[in-house]
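Every read-out reported here was derived from the displayed coordinates using simple, explicitly stated rules and does not represent laboratory data. What you see is a predicted model, and the numbers here were worked out from it, not measured in a lab. Here the Cβ positions follow ideal geometry from the backbone for every residue, glycine too, while neighbour counts run over all protein chains shown.
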Amino acid sequence: MEKNCFLLILFFSPFLLSQLVLKDGYVLRDGRFEKVDILVKDGKIEKIGVSLKGKRSENLEGLYIYPGFVDSHLHIYGIGKEMEEVNLKGVKSIEEIVERIKLKYPEIEGGKWIIGRGWDQNLFFGKKLPDNKLISEEFPKNPVVLWRIDGHMLLANKWAIEEAKIKDKKIEGGEIDFKNGLFSDKAMDFFSSAIPKASTKEIEETLKNSLNYLKSLGFVSVCDAGIDGEILKAYISLSRKNEIPIIVYAMLEEGVPYFDEIIKNGKIEKEYFKLNTVKIFMDGALGSWGAYLSIPYKDMPSKKGTLVTDFEKLCSILEKCKKHNFKVAIHSIGDEATTIALRAIEKIKMNLYQVRLEHLQIVKPSDLEKFKKLKVVASVQPYHYTSDLKFLYERIDKGENFLFYPWKTFLKNNILLLFGSDSPVEEANFLEGFFSSISRDGEGLSPTEALKSYTLNNFLFYNEKKMGRIEEGYYANFTVLNKDITKEKEGIWVWGTMVKGKWVYKN
């Protein structure tokens with residue numbers, strides 16, 4: 001009896017159960033897919049070959065195994081909140097906004113905040129910014145705050161403005177339009193402070209919903225591009241309970257409450273949750289005329305955009321990050337914002353590959369040399385180009401001497417390139433970004449280059465030595481699809497997501 005128990009324990013031991021052979025899957029090797037077996041042991045790739053043996057096996061014949069996809073820039077809490085709040089993506093008028101709100105809240109108690117996100121005036125007749133007259137009339141007992149799709153402008157009704165107790169008529173790093181109820185960049189902080197705060201438990205549930213959604217899309221890892229102390233607290237709680245299913249690299253947003261105390265406490269490096277980067281905003285967004293340019297906007301000559309963080313302040317923040325050994329991610333869309341950021345990085349002598357610039361939609365050709373010299377990383381969102389085309393050349397003339405969304409140019413200059421979505425601004429779907437990046441003229445990438453930007457490159461930035469490749473000794477982080485996306489575009493779906501040898505999602 002004792003011998004049988006021993007054999008039973010041995011058979012079900014974690015050591016043996018951790019041995020898994022994935023049979024006959026197609027793996028991209030040397031530029032083409034080959035049918036091979038992969039032996040996974042203790043979360044890593046033990047061997048790649050044919051006719052491999054293991055304690056367990058799964059047949060993946062007909063399926064394609066990719067190095068696990070990574071979204072290098074999205075907002076996990078924002079994705080979860082979008083599921084809970086009023087989705088305004090695709091609306092074409094303020095009247096349609098009201099309809100969406102009423103559909104979401106057919107009955108709503110007085111005083112309850114109505115929050116929505118996703119409107120884009122470029123879809124409205126005449127492409128005019130909305131005003132708050134109708135939402136003030138239709139919802140006289142509820143504060144209403146509706147974020148623009150890029151998150152850099154909001155529309156608020158009269159009660160929300162009263163609740164936010166805004167006394168200033170001007171604010172550095174933002175714009176206030178009381179007449180129409182429009183607030184951009186730093187001016188939006190008044191509302192963020194006034195909206196009732198979610199509890200840690202509520203934040204945890206929102207994060208879990210979002211992470212479960214992201215793993216179903218095939219992501220093995222994501223970068224949460226800007227969190228505050230409350231979201232950090234929820235992440236730490238989820239990490240302790242082992243309830244984070246994929247690897248999260250979080251960025252602490254500069255200027256949030258307790259920012260100094262958090263970075264003084266040092267980086268957090270857990271297995272599935274890491275806080276080792278600070279997020280800084282240089283400017284606003286192109287769609288709301290907030291990206292900081294060196295020239296006036298073509299369709300709004302009185303504006304050059306909004307400089308959210310000036311040179312001296314940026315230098316001070318970079319010094320602080322360098323002192324506490326935090327990497328830095330700088331939101332920089334307009335060409336002049338990028339020029340200022342590069343000057344500050346050079347002045348502070350930031351360590352190589354410690355700084356990444358986010359978005360980089362409009363770039364001066366003359367700044368490429370500094371990118372190379374300072375080893376600054378380019379973190380971009382390919383689908384932004386596709387969605388911005390509806391207004392891009394109305395804002396900035398195509399003939400101007402700028403590099404527009406210069407992905408191929410970055411690679412030609414040996415600049416490390418990371419791909420993401422900026423979800424919920426765009427959809428958290430790597431297929432959209434992948435096809436956007438390979439189908440473009442001039443700045444388009446090869447499929448292999450695009451795959452590296454969605455997989456290996458993010459891990460290179462975070463100094464992860466054993467992630468991002470399907471090679472022996474590397475972690476078994478796989479995204480399994482039904483097709484070869486380097487050759488096909490239609491009917492593609494995610495079969496499974498494996499993180500460190502464990503299936504976290506199967507379709």
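Please compute the net charge surrounding ASP131, taking Lys and Arg as +1 and Asp and Glu as -1 over other residues with Cβ under 12 Å from its Cβ. Each step should come with its number before you reach the end.
On the way: positive: LYS128, LYS133, LYS158, LYS179; negative: GLU137, ASP177.
Residues close to ASP131 contribute a combined charge of +2.
Take the Cα radius of gyration of region 370-459 and divide it by 2.2 N^0.38 Å, with N its residue count; two decimals is plenty.
1.07
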**Prompt:** For q = 0.17, 0.20, 0.21 Å⁻¹, what log10 I(q)/I(0) does region 225-328 give under the Debye formula with an equal point scatterer on each alpha carbon and no solvent?
**Reply:** -0.82, -0.98, -1.03
**Request:** Give me the distance between the Cα centres of region 45-89 and region 420-474, rounded to whole Å.
**Result:** 13 Å
**Prompt:** What residues have an amide H closer than 5 Å to that of SER221, excluding those fewer than 5 places away on the same chain, when H is modeled at 1.01 Å from N in the peptide plane?
**Reply:** ASP71, ILE247
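Using a Förster distance of 45 angstrom, determine the FRET efficiency expected from the C-beta separation of LYS47 and GLU95, and round it to 0.05. Mind showing how you got there, number by number?
Numbers: r = 62 Å, r/R0 = 1.37.
Once the sixth-power term is evaluated, E becomes 0.15.
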**Request:** Putting +1 on Lys and Arg Cβ atoms and -1 on Asp and Glu Cβ atoms, find which of ILE76, ALA164, ASN132 reaches farthest to the positive end of the dipole of region 76-194.
**Result:** ASN132
**Request:** Please identify which residues in region 466-484 have an amide N closer than 15 Å to a label point set 7 Å out from the Cα of THR448, following the Cα→Cβ vector.
**Result:** 470
**Request:** Over every pair of different alpha-carbon atoms in the chain, take the mean of 1/r and invert it; report that Kirkwood radius in Å.
**Result:** 24.1 Å
**Request:** In whole angstrom, note down how far apart the Cα centers of region 205-221 and region 364-414 are.
**Result:** 30 Å
**Complete:** Looking only at aspartates and glutamates whose Cα falls under 17 Å of LYS41's and that sit 8 or more positions away or on another chain, we get GLU58, GLU471, GLU472
**Request:** Measure nothing fancy, just the Cα-based angle from helix 311-323's long axis to the longest principal axis of the chain, in degrees from 0 to 90, nearest 10.
**Result:** 30 degrees
**Prompt:** From a point 7 Å beyond the Cα of ASN413 in the direction of its Cβ, which residues of region 425-461 have a backbone N at a distance under 15 Å?
**Reply:** 443
**Request:** With θ set to phi - 60°, apply the Karplus curve 6.51 cos²θ - 1.76 cosθ + 1.60 along region 57-62 and write out the HN-Hα couplings as whole Hz, x wherever there is a Gly or Pro.
**Result:** 8, 10, 8, 10, 4, x
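Which value, in debye to the nearest 20, describes the size of the charge dipole of the chain about its Cα centre when Lys and Arg Cβ atoms bear +1, Asp and Glu Cβ atoms bear -1, and nothing else is charged?
On the way: 76 positive and 72 negative charges, 272 e Å.
About 1300 debye.
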**Asked** If r is the Cβ-Cβ distance from SER192 to LEU460 and R0 is 30 Å, what FRET efficiency results, to the nearest 0.05?
**Response** 0.35
**Prompt:** Can you give the net charge of the other residues whose Cβ lies under 15 Å from the Cβ of ASN209, counting K and R as +1 and D and E as -1?
**Reply:** -4
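Place the peptides 38-47, 344-353 in order of packing, highest mean first, counting for every residue the other Cβ atoms within 10 Å and averaging per peptide. All intermediate terms of the calculation are to be shown ahead of the outcome.
Values: 38-47: 18.8, 344-353: 16.1.
Peptide ranking by packing, descending: 38-47, 344-353.
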**Prompt:** According to a simple spin-label model (label point 7 Å from Cα along Cα-to-Cβ), what is the distance in nm between GLU202 and LYS112?
**Reply:** 1.2 nm
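Compare the peptides 497-503, 257-263 by average per-residue count of other Cβ atoms within 10 angstrom and give them in order, highest first. Write out the running numbers ahead of the final one.
Working: 497-503: 19.6, 257-263: 14.3.
Going from most to least packed, we get 497-503, 257-263.
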**Complete:** Once both label points are put 7 Å beyond Cα along the C-beta direction, the LYS313-LYS169 separation in nm becomes 2.2 nm
**Item:** Angle in degrees between helix 2-11 and the longest Cα principal axis of the chain, rounded to the nearest 10
**Value:** 50 degrees
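Taking N as the number of residues in region 76-194, what is its alpha-carbon radius of gyration divided by 2.2 N^0.38 Å? Write down the numbers at each step before the final one.
Working: Rg = 13.3 Å, N = 119, 2.2 N^0.38 = 13.5 Å.
The reported ratio for this selection is 0.98.
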**Asked** Size of region 92-142 along its principal axes in angstrom, Cα-based, largest extent first?
**Response** 34, 19, 14
**Fill in**
Most packed first (mean Cβ within 10 Å per residue), the peptides 478-490, 271-283 order as 271-283, 478-490
**Request:** Give the angle, between 0 and 90 degrees and rounded to the nearest 10, that separates the Cα long axis of helix 94-104 from the longest principal axis of the Cα atoms of the chain.
**Result:** 50 degrees
**Item:** Unsatisfied cross-links (Cα-Cα over 28 Å) in the set LYS53/LYS489; LYS215/LYS327; LYS104/LYS298; LYS55/LYS215; LYS23/LYS81; LYS370/LYS500
**Value:** LYS53/LYS489; LYS104/LYS298; LYS23/LYS81; LYS370/LYS500
**Prompt:** Taking +1 at the Cβ of each Lys and Arg and -1 at the Cβ of each Asp and Glu, which of THR497, PHE391, LEU211 sits farthest along the dipole of the chain towards its positive end, judged by Cα position relative to the Cα centre?
**Reply:** THR497
**Relative contact order computed over the chain (Cα-Cα under 8 Å; 6+ residues apart), in percent** = 16 percent
